[in-house]
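Down below is the structure, laid out as structure tokens.
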Amino acid sequence: MARPTRALCLVVASVALVSACGGGGGGGTSGGTTNTGADDDREAQAGGMLTLALAEDPDALDPTLARTLVGREVFVNMCEKLYDVDEKLELVPQLATELPEVTDEGKTVTITLRDDAVFNDGEKMDAAAVKTSLDRHRELEGSARTGDLAAVESVEVVDPTTVVLRLTEAYAPLTAQLADRAGMVMSPKQLQALGDKFGTDPVCVGPFSFVSRTAGSEIVLEKAPDYYDADQVKADGITYRVITDGNVRQANVKSGDVQIAERIAATDVATLEKDPAVKLIGQDSLGYQGISINIGNVKGIGQPVGEVDTPLGRSPELREAFELSLDRETINQVVFAGKNVPGCTPLPPASPFHDEDVECTERDVEKAKSLIEESGEATPVPVKLTIGTSPENLRLGQVIQSQAKEAGFEVEVASTEFASALDASDAGDFEVFQVGWSGRIDPDGNIYNFLHTGAPLNISGTSDPEIDAMLDEARLVEDEQERAALYTQVLEKEAELRPIIYLYHPVNYLATGPDVVGVEYYADGLPRLKTAGLAQ
Amino acid sequence: MASYLLRRVGTSALVLLLASIVVFVGVRALPGDAALALAGEERDPAALEQIREKYGLNDPVPVQYVRYLGNSLQGDLGFSTRTGLDVTDIILERLPVTLELALLSLAVGLLIGIPAGILAALRRGSWVDNASNAFGLLGLSIPNFWLGLVLILLVSVQWGLLPASGYVPFLEDPLGNLQRMLLPAIVLGTGLSAVLMRQMRSAMLETMSADYVRTARSKGLSERSVVLVHALRNSLVTVVTVLGLQLGALISGAVITEQIFVIPGFGKLIVDGVFTRDYPVIQGVALVTVFGYVFVNLLVDLTYSFLNPRIRVSGGAS
Amino acid sequence: MTTAAAPMSQPGPALAVPPPRQRRSRRLVKRFFRRRLSVFGLVVLVLILALALAAPLFGDPGRNDFSAVLQGPSAAHPLGTDDLGRDTLARIAYGARVSMQAGVMATLLAMAVGVPLGLIAGYYRGWADLVISRLTDLLLAFPFLILAVGLAAILGPSLRNVVIALGISALPSFIRVTRGEVLGLREQDYVAGAVADGAGDTRILSRYILPNAISPLLVQATVTIPEAIIGESVLSFLGLGVQPPTPSWGTMLSAAQGFLSQAPLLAVWPGVAIALAALSFNLVGDGLRDTLDPKAER
């Protein structure tokens, strides 16, 4: 495949046909941003419960402590944030009235709040509540938000609808952070009552309010009468049901027991598209999946880097050979029935910062072989690949194993359950780890923590002064073009060094019943059900 | 009798205590820890440290254990590290689910196993006997989880007869509850029915040839009353004691059956707990399970020794 | 997944003197072969063992063809191909090796540790019995699978660790059966006679007690092996089993689960294989029990 076609392909992929770019197999299907659930223009009728099948049990429903993607899927309908994203992933105000006013060389951020928002316990949402929430995010023991808000030095209430954040230095990704859990505002009354057990009965501003939770089973929300935009809300409530098995999630949508099911396996998409009992919504995600190679993590994350004594860890040329041995298209076809988007950067096509000119390395077994020969390494070159335990992980691992073998690598697939793998990777006790990232709106969220020296998710042990300097600078610069240019440079450098070989960007598939309308499903992968309901 | 009772209760308590230590040390031997599994994708060293501090994971294990023991003796099993919910509440929510599943499976097992066993014994060597035998062996040989998958595929997906999975509380929707519990109960119940059938058959054969049954026969009682009154009653006693020991097997089976049918019971709770390193949950669930097992077997032993005093003399239950 | 240890623990065969071995064994073989179902089990078992041994004849289980995935049965692939275009028959054949190894090795491990412990507990009684019996109670208090899942998660996934996890989980039944047997046998006249003749403990245990405890242990083994085979498939199913590309019936089943609607047969083959393997051991075990235990003679 000629190179320009590939670049074009990625563009096309994000709009329509992924499999048109793949090599054979699989019928054409949407794998892009076209379908956000808005194509069905029937009106939703008022009333009725919607049941949504989640693939995992969320963790604590406390915006300060929560750490999972699946938790955000519940929050999105229950806890509004200062800012949100729209379908183009542009930041828009939610509990604020406009985007923040940034002054003082980026060190002062002024936020104006809506004056009609009421918590679901009837209390008024105001600047004091925002301060209480942000301070809790920053200071509560075990908070998962401290990193998001690390740049914030203090939060000041100016008047009931104005809050000022003082930063230690400019921090461009801040607004994006405030469009996630760090920007969720919790009812001070409930915080007072429950303290660090807020997650057992969370109260926020949102279209639905929390009713009950059965751990591992279900979470029930009901329509919030006090919500400022309540007349837009159609359903009486939402039941989130945890169904970990993909087959069972599907079967439940087909039988009508569940109206919406998330994380439909790529391999099931073709079958479900033909099923009249199901509507499918495909949506590019913000994340990526790739292979992290340990190139310097000898004593654990945050410790000084050192020499890793494995063939791939030692030699950038062997890493290049490894990448050359892989065929992203075939991987996508075989493992995911062509339903994901192959890619070689951490920024997915859905991101405004995605660089469409990047050309991914084509598979070239001969070149890979000669690189191995030049390196003087004895063949087959041993590689130990740590990977998850799901059938999909194993399939991916075995395809990688099979492709790399042709170039002269002997890949040992070590399927390891997630917690064990994280333990080993953080301690630097791994060679190659197939791992990904669910993705963040701001590019910083997909790059900084993985490539900056000593950053918390830098399991590969990357430590490159140039990369560090550019990443730091990109945080300070407000201008989007300038930032984009910096990230492009960072990723060029990354592609030479190859601590991470990016493989593909997942496409999220949501299945709904035939009469479900009004579901908003963006690249962040969170089904917004504010206006959802059954068609009239 | 009193001293036997005391000794039996004493050893049960000892087993419980040992089990709690084994579980406590065991969960900490899992690679990775609660903090890491909790932080997952979004982990950073500072946050991990805070979580460990919050849950007291930095203290020496014996210190942690003593604290845990003290709390749990007062009925406080701690809070789930993953969801932040009270472990006691979680257990109280889940226990009825697994108990319901166990009871239904037991019903399935008894309904199939007992009559099949009786018939097989009465018609020894006939096709009924052979069929029951074959069924019993198949029941023991087919893996639960495969049977579950096949049943979901056929009954729910292909024929659309029953909902594929999920759980609704009985009090909310009795019919929906039973519809959803039927397949899992069948899956769990078949294995049990196989065991019961075999037990029942051999117990019947044994009692039928026992002296008192022969006496009853020679007294001219009808075959029907011989079977019903004498043989059956005495066989059931044997089977009931076996049932106690099957509790563990039922819970084992529930682990995977609940996983397949997505039933929020004990088995699923403990497997999820292992994968998410939710120490308090694993500990709580394991303790309750072990307690249930020890307690049931204590009851079985005591009933047994009450019925058959020789057991006490001849060196305890084997 | 059912533990059938209970009925085996009644002490003692009623034989007062060790009978002449040769004639007895010939009679037993004859008795075994009278049972048609057990013979059927034995045949299936031999076939599975042959399949495992002859696995290389069925082709390379790792050779994949990405252009021929999820195919139905054909001349080239009698059982079709899997999600990576590999021959299902070859994988079933190699999977038999893993399952048999897991089943037999785990059982041998449990026997190697459990039988001596049971002998000590039953023969010496006293504090040794107390310690061993409480240990057994402790292990028994954890349901078989929960124990195995926990152990496998601690040890990490590999065939060796699966064997260890299943072996430990199966330990208590062997301790109990052995102990029960010894308790009965040591009261027998010929054992008392040997003691009176001044035979040492080792000699008594190895000459008089162990040989007579073999039958129930053999039967227990035929119960444990199928349990371990199913246990291996469950652990593999949960992602705690053998590592790819080694095929195991459990991992095949777990991979097939993602293609239930497109290729249901893919989930059928390994399931049938597991059931057949377990069934064959159960049948043989049944036959053994009936032939070895005179009380069960019908």
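The values are calculated or read from the model by the stated rules, or taken from the named source; none is laboratory data. As the structure is a computational prediction, the values presented were derived from the model and not from experiment. Positions of Cβ are backbone-derived with ideal geometry, glycine not excepted, and every protein chain shown enters the neighbour counts.
The figures follow:
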{"item": "Identity of the residue in the stretch C:143-176, part of a helix (DSSP H, G or I), facing chain B (nearest Cβ under 7 Å) and free of Cβ contacts under 8 Å to residues at least 24 places away in the same chain, that ends up farthest from B:I256 (Cα to Cα)", "result": "C:I154"}
{"item": "Residue within the stretch B:78-87 that is touching a residue at least 24 places away in the same chain (Cβ under 8 Å), assigned to a helix (DSSP H, G or I) and touching a Gly at 6+ places or on another chain (Cβ under 8 Å) present", "result": "yes"}
{"item": "Any hit, the stretch B:11-23, residues being at pLDDT below 90, surrounded by fewer than 21 Cβ atoms within 10 Å (Cβ to Cβ) and outside any helix (DSSP H, G or I)", "result": "no"}
{"item": "Given (1) surrounded by fewer than 24 Cβ atoms within 10 Å (Cβ to Cβ); (2) touching a residue at least 12 places away in the same chain (Cβ under 8 Å); (3) assigned to a helix (DSSP H, G or I), number of the condition B:V150 does not satisfy", "result": "(2)"}
{"item": "Test for A:P465: is it surrounded by fewer than 22 Cβ atoms within 10 Å (Cβ to Cβ), more than 10 Å from every other protein chain (Cβ to nearest Cβ) and either within 18 Å of the chain's Cα centre (by Cα) or of a type outside the set (S, T, Y) (or both)", "result": "yes"}
{"item": "Every residue from the stretch A:376-390 that is surrounded by fewer than 22 Cβ atoms within 10 Å (Cβ to Cβ), farther than 11 Å from A:F322 by Cβ and not hydroxyl-bearing (S, T, Y)", "result": "A:G376, A:E377, A:A378, A:P380, A:P382, A:K384, A:G388"}
{"item": "Per-region count, the stretch B:24-55, residues in contact (Cβ under 8 Å) with a residue 60 or more places away in the chain, touching a Leu at 6+ places or on another chain (Cβ under 7 Å) and facing chain A (nearest Cβ under 7 Å)", "result": "2"}
{"item": "In the stretch A:272-286, residue farthest from the other protein chains (Cβ to nearest Cβ) [restricted to those that are surrounded by fewer than 23 Cβ atoms within 10 Å (Cβ to Cβ) and in contact with a helix residue (DSSP H, G or I) (Cβ under 9 Å, 6 or more places away or on another chain)]", "result": "A:L280"}
{"item": "The stretch A:55-96, residues that are free of Cβ contacts under 8 Å to residues at least 24 places away in the same chain, in contact with a strand residue (DSSP E or B) (Cβ under 8 Å, 6 or more places away or on another chain) and either part of a loop (DSSP other than H, G, I, E, B) or not hydrophobic (A, V, I, L, M, F, W, C) (or both)", "result": "A:P93"}
{"item": "Qualifying residue in the stretch B:109-119 (condition: crowded, with 22+ Cβ neighbours inside 10 Å, away from chain A (no Cβ under 14 Å) and within 22 Å of B:G267 (Cα to Cα))", "result": "yes"}
{"item": "Restricting the stretch B:279-318 to residues that are touching a helix residue (DSSP H, G or I) at 6+ places or on another chain (Cβ under 7 Å) and polar (S, T, N, Q), the residue that is modelled with the highest pLDDT", "result": "B:Q283"}
{"item": "Odd one out for B:N234, checked against (1) crowded, with 19+ Cβ neighbours inside 10 Å; (2) in contact with a Ser or Thr (Cβ under 8 Å, 6 or more places away or on another chain)", "result": "(1)"}
{"item": "Residues of the stretch B:123-143 satisfying the condition of being within 13 Å of chain C (Cβ to nearest Cβ), assigned to a helix (DSSP H, G or I) and not small (G, A, S)", "result": "B:W127, B:D129, B:N130, B:N133, B:F135, B:L137, B:L138, B:L140"}
{"item": "Test: residue in the stretch B:57-75 that is over 19 Å from B:G284 (Cβ atoms), crowded, with 18+ Cβ neighbours inside 10 Å and either at pLDDT 85 or above or within 14 Å of chain C (Cβ to nearest Cβ) (or both)", "result": "no"}
{"item": "Per-region count, the stretch C:253-264, residues within 11 Å of chain B (Cβ to nearest Cβ) and either touching a residue at least 40 places away in the same chain (Cβ under 8 Å) or among the β-branched types (V, I, T) (or both)", "result": "1"}
{"item": "From A:I264, A:I301, A:I238, A:I295, residue being modelled with pLDDT of 95 or more and part of a loop (DSSP other than H, G, I, E, B)", "result": "A:I295"}
{"item": "Residue within the stretch A:428-446 that is free of Cβ contacts under 8 Å to residues at least 60 places away in the same chain, surrounded by fewer than 24 Cβ atoms within 10 Å (Cβ to Cβ) and either in a helix (DSSP H, G or I) or hydrophobic (A, V, I, L, M, F, W, C) (or both) present", "result": "no"}
{"item": "Failed item in (1) surrounded by fewer than 23 Cβ atoms within 10 Å (Cβ to Cβ); (2) in a helix (DSSP H, G or I); (3) in contact (Cβ under 8 Å) with a residue 12 or more places away in the chain; (4) among the small types (G, A, S), with C:A128 passing the rest", "result": "(3)"}
{"item": "Unique residue being touching a helix residue (DSSP H, G or I) at 6+ places or on another chain (Cβ under 9 Å) and touching a residue at least 12 places away in the same chain (Cβ under 8 Å) when the list is A:V305, A:V341", "result": "A:V341"}
{"item": "Selected residue (criterion: modelled with the highest pLDDT) from residues of the stretch B:156-183 that are closer than 25 Å to B:P143 by Cβ, in a helix (DSSP H, G or I) and within 12 Å of another protein chain (Cβ to nearest Cβ)", "result": "B:L183"}
{"item": "Members of the stretch B:85-108 that are more than 14 Å from chain C (Cβ to nearest Cβ) and over 30 Å from A:A60 (Cα atoms)", "result": "B:L103, B:L104, B:A107"}
{"item": "Options C:A90, C:A50; residue that is in a helix (DSSP H, G or I) and in contact with a Phe, Trp or Tyr (Cβ under 7 Å, 6 or more places away or on another chain)", "result": "C:A90"}
{"item": "Test result for B:V87, under 30 Å from A:D201 (Cβ atoms) and surrounded by 23 or more Cβ atoms within 10 Å (Cβ to Cβ)", "result": "yes"}
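Matching residues to (1) part of a loop (DSSP other than H, G, I, E, B); (2) in the same structural domain as A:I295 (by TED's automatic domain parsing); (3) surrounded by fewer than 24 Cβ atoms within 10 Å (Cβ to Cβ):
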| position | (1), (2), (3) |
| --- | --- |
| A:L324 | no, yes, yes |
| A:L347 | yes, yes, no |
| A:P352 | yes, yes, yes |
| A:V358 | yes, yes, yes |
| A:R363 | yes, yes, yes |
| A:E366 | no, yes, yes |
| A:E374 | no, yes, yes |
| A:E392 | no, yes, yes |
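One line per residue, one yes/no per condition, for (1) at pLDDT below 95; (2) touching a Lys or Arg at 6+ places or on another chain (Cβ under 9 Å); (3) under 18 Å from A:N332 (Cα atoms); (4) away from every other protein chain (no Cβ under 14 Å):
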residue: A:V358; (1), (2), (3), (4): yes, no, no, yes
residue: A:S390; (1), (2), (3), (4): yes, no, yes, no
residue: A:A404; (1), (2), (3), (4): no, no, yes, no
residue: A:V413; (1), (2), (3), (4): yes, yes, no, no
residue: A:F433; (1), (2), (3), (4): no, no, no, no
residue: A:I441; (1), (2), (3), (4): yes, no, no, yes
